[in-house]
1. Per-residue ellipticity at 222 nm for the chain, helices alone: DSSP H runs ≥ 4 residues times -39500 (n - 2.57), over residue total, nearest 500 deg cm²/dmol?
2. Can you order the peptides 23-34, 202-213 by their average number of other Cβ atoms within 10 Å per residue, highest first?
3. Kindly write out, for segment 189-199 in residue order, the coupling ³J(HN,Hα) from the Karplus curve 6.51 cos²θ - 1.76 cosθ + 1.60 (θ = phi - 60°), rounded to whole Hz, with x marking Gly and Pro.
4. Taking Rh as the Kirkwood radius, which is the inverse of the mean 1/r over Cα pairs, what is the Rg/Rh value for segment 21-94?
5. Accessible area per residue, 1.4 Å probe, Å², for the chain: what's the number?
6. Would you mind putting 185-194, 96-105 in packing order, based on average other-beta-carbon counts within 10 Å, highest first?
7. Tell me, what is the Rg over Rh of segment 106-235, with Rh the Kirkwood radius over Cα pairs?
8. Give the value in nm², to one decimal: projected area of the alpha carbon convex hull of segment 1-125, averaged over all directions.
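The values are calculated or read from the model by the stated rules, or taken from the named source; none is laboratory data. These figures come from a predicted structure and were not determined experimentally. Positions of Cβ are backbone-derived with ideal geometry, glycine not excepted, and every protein chain shown enters the neighbour counts. Calculation scope for accessible area: heavy atoms of the full protein, side chains included, ligands and nucleic acids excluded. Shrake-Rupley method; radii C 1.70, N 1.55, O 1.52, S 1.80 Å.
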Amino acid sequence: MPNRNPSTVSIDPALKSFMQLAGERVEHKLSALLPPETTQPCRLHAAMRYSALDGGKRIRPLLVYAAGDALECDHASLDPAACAVELVHAYSLVHDDLPAMDDDELRRGKPTCHVNYDEATAILVGDSLQSLAFQVLSDNASDDIPASARLQMIQILARASGSRGMAGGQALDIYGVGNEMNLPELENMHIHKTGALIRASVQLGALTAQASATRLKRLDHYAKAVGLAFQVQDDILDISGDTATLGKTAGKDQAAKKPTYPMLLGLEGAREKAKELLHEALDSLADFDEKADHLRQLAYFIIGRNS
């Protein structure tokens, strides 16, 4: 069992290998799924590839593969779900960066889509990446996944992406700028904005593996805790990180007076909150054997990362 103090834990070599191999796998699959730059409309397809490929930690597809590993599911069966959640995530970043939203010029260490191309193209890129995600999940799902499970996966991703998930959380984030927000309100915002898609990633991996209701419930509890921990760490890094390391503008939330965990709890209080959520996630996996170690180590990685 891993040490439960994240301040003394380094990334396990096995996790590094898993992250590299799974990251390369989803990159290869995404590259094959995205239309070539030579296909009309060329500019749109080039912008889609620019936004979805060659960047990011791929946390969401990693969680799909890790949930599948915990249930002994082969990665080939998990590929559609891994690609679908990353396409939705990539779309959300393109739209989040738009001038009408966060108005950011840097993402994953390079100019944002609307800066490198233009605003109209960026909007269409987001729309197209989201549509492709559902095409992938419905068209390329493995034949050994029952139709009822496939439908449930599409429903989960749709809910996680919409007004009751990520889009709704972004709306709450926008409306919260400059306004006071208490801790339950902040948690509700982030459970939707960040947590919903992370939760969906684990659920899709578990459903692909045809998890039992009991195991699905425990994995979902893990995902809820990890999803919130991810956002707490993001808030911490907005204060303590630097632009070069983060690959996006540091201090953006603080400058915009957005409600954050460090604002409400203080920096040390936010770090303690992240540790509490880590322990909650690990406790959810207590009945799983070593095949769930990638999930355990990813939880440590999420609150120990510096970007």
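1. -22000 deg cm²/dmol
2. 202-213, 23-34
3. 4, 7, 4, 8, 5, 9, x, 4, 6, 5, 4
4. Using only Cα positions, Rg/Rh for segment 21-94 is 1.01.
5. The answer is 44 Å² per residue.
6. Per-residue mean Cβ counts within 10 Å order the peptides as 185-194, 96-105.
7. 1.02
8. Mean orientational projected area (segment 1-125, Cα hull): 9.3 nm².
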